[in-house]
Amino acid sequence: MKKKLIIGIFFILSISIFANETYIKGKILSILKEEELIDDDYLTSVTDFQVEIMEGEEKGKILMIEHPTYKEKQHNLSFKPNMNVVIYRDTDGYYIVERDRRGSIYLLVTLFLGLTLFIAKKQGLKAIISLGITGFLIFKFMIPGIILGFSPILIAIIILSISSVVTIFFMTGFNSKGILAILGTLGGVIFAGILSIFFSKTMGLTGYTTIESINYASLLKNINLKELISAGVIIGSAGAVMDVSMSISSALSEIKTHKPNITSLELYNSGMSIGRDIIGTMINTLILAYIGGSLFTIMILTIQQNDFPNIRILNFEFVGVEFLRAFCGSIGILIAVPLTSFLASKIHVENKEK
């Protein structure tokens, strides 16, 4: 029984791309008993939980489910009465595989939406709607399109263009300020994408950046993983570049309104001056976001720095990809500043002359 239980749990915790899995919500009612194992090589004990199924055809059914405690603590999951859990069901029986975190996730999202509406009010509602549209475009069109074999870069640019138009016009209205922000965003992001394509080739990146991606190679046959890296750069940098472009466009529009006789060169210089103040914080924001996302990996590499010299670390593909994302995205921000300033200086002055 113990051997079967061990094999079952490891099978569930490991990722299988071929399994037809069934997961349902359960609730732990009580701990029936805990059996200590003295001579076992892998386990310290086995606990019997009384669990109620909370959904599906078997809702209300009470089960007794065994769950092991491993000697290697990193494999252990802690459960207690009144806790919602995820149950895996197959032909061999039922297993507790994880805590059900959906309640916490829903609460966090609700808190975010509530604070956005409370603090930003109407503009907050617009921001939430535009965010929802962007998410819809990515998950309903971009991801399926890439899976079907379309160019990730092309789809990313199309989705980003639509998202930028919707977001900026929804927030500012159909005016020259919004148009300038859109043009600046697209220019900066596309430049970052082109740069990432170039350096992906010079670095010889394959797109298989992790062990997991290699394990899923059979599912990725129709996907251009090299382009997927650049598509990630485009999408990942879009928010920061959009913020910079919108800030400069809005500021220059205000300057032009309050000083109608300003020259094209003066307006451009004002945009560059504003942009320089923005660049430092936005680049920090983008790079710190990537560092935060890779913090665990950075920590592991630091611990193993005696085993992996710089020549080895800097030639790991996933490290190269992170450098690519962070610095190509930052360059996109840098390009957006003079581009938005230049376009604003030309469009506003030409409109005045006309």
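Using the Cβ of Ile283 as centre and a radius below 14 Å, the other residues enclosed give a net charge of 0, where K and R count +1 and D and E count -1. The label-point distance for Leu111 and Glu36, in a model that sets each label 7 Å from Cα toward Cβ, rounds to 3.9 nm.
A cut-off under 14 angstrom between Cβ atoms defines the neighbours of Ile235, and their net charge, with Lys, Arg +1 and Asp, Glu -1, is 0. Take 320-333, 293-306, 229-242 and order them by the average number of nearby Cβ atoms within 10 Å per residue, most first; the result is 229-242, 320-333, 293-306.
Centre-to-centre separation between the Cα atoms of segment 55-93 and those of segment 270-310: 40 Å.
Extending 7 Å from the Cα toward the beta-carbon at both Glu58 and Glu98 defines two label points whose distance is 1.9 nm. Think of segment 67-141 as a dipole: +1 on every Lys or Arg Cβ, -1 on every Asp or Glu Cβ, centred on the Cα centre; then among Pro68, Ile119, Met83, Ile119 lies furthest on the positive end. Computed about its Cα centre, the charge dipole of segment 218-354 is approximately 240 debye, with only Lys, Arg, Asp and Glu carrying charge at their Cβ. Taking the chain as a Gaussian network of alpha-carbon nodes connected by springs under 10 Å, the highest mean-square fluctuation of the residues Ile159, Ile28, Ile146 belongs to Ile28.
Only DSSP H runs of four or more residues enter the estimate; each adds -39500 (n - 2.57), and after division by the residues of the chain the mean residue ellipticity at 222 nm equals -21500 deg cm²/dmol. Applied to segment 41-52, the Karplus parametrisation 6.51 cos²θ - 1.76 cosθ + 1.60 on θ = phi - 60° returns per-residue 3J(HN,Hα) values of 7, 10, 10, 9, 6, 10, 10, 9, 9, 8, 10, 9 Hz, with x for Gly and Pro. The value given for segment 234-306 is a Kirkwood hydrodynamic radius of 14.7 Å, derived from the mean inverse Cα-Cα separation. When the pairs Lys122/Lys177; Lys259/Lys346; Lys33/Lys73; Lys27/Lys71 are compared against a 24 Å limit on Cα-Cα distance, Lys27/Lys71 fall above it. On the beta carbon distance between Met171 and Phe318, with R0 = 51 Å, the FRET formula returns roughly 0.90. For Ser45, nonlocal amide neighbours, meaning residues 5 or more places apart or on other chains whose placed amide H falls under 5 Å from its own, are Leu37, Thr69. Taking every Cα-Cα distance in segment 277-316 and sorting them into 5 Å bins from zero, the calculated P(r) comes out as 6, 22, 19, 18, 15, 12, 7, 2, 0 percent. The ellipsoid equivalent to the alpha-carbon distribution of segment 132-272 has semi-axes of 36, 17, 9 angstrom, derived from the gyration tensor eigenvalues as √(5λ) and listed largest first. Surface composition of segment 172-284: carbon and sulfur make up 63 percent of the accessible area, probe 1.4 Å.
Sorting 86-92, 184-190 by their mean Cβ neighbour count within 10 Å, with the most densely packed peptide first, gives 184-190, 86-92. Using a simple spin-label model with pseudo-atoms 7 Å out from Cα toward Cβ, Thr257 and Thr206 lie 5.5 nm apart.
Packing, as the average of other Cβ atoms within 10 Å across residues, places the peptides 338-344, 35-41 in the order 338-344, 35-41, highest first.
Span-like helix criteria (full DSSP H runs; alpha carbon extent of at least 24 Å along the helix axis; mean Kyte-Doolittle hydropathy of at least 0.5) are satisfied in the chain by 102-137, 152-172, 176-203, 225-258, 264-293, 317-353. Using +1 at the Cβ of each Lys and Arg and -1 at the Cβ of each Asp and Glu in the chain, identify which of Ile190, Phe136, Cys328 lies farthest towards the dipole's positive end. Projecting each Cα onto the dipole axis, the largest value belongs to Ile190.
Start at zero, step by 5 Å, and the Cα-Cα distances of segment 207-354 spread as 2, 9, 15, 15, 13, 11, 10, 8, 6, 5, 4, 2, 1, 0 percent across the bins. Accessible surface for segment 36-137, divided over its residues, is 66 Å² per residue with a 1.4 Å probe. Listed values (i) 52, 45, 43; (ii) 85, 42, 34; (iii) 86, 50, 37 include one computed from this model; for Cα extents along the principal axes in Å that value carries the label (iii).
The values are calculated or read from the model by the stated rules, or taken from the named source; none is laboratory data. Predicted, not measured: the structure shown is a model, and the values here were computed from it. Every residue, glycine as well, gets a Cβ built from its backbone with ideal geometry; the counts of neighbours run over all protein chains shown. Note: areas computed on protein heavy atoms with side chains; ligands, DNA, RNA excluded. Shrake-Rupley method; radii C 1.70, N 1.55, O 1.52, S 1.80 Å.
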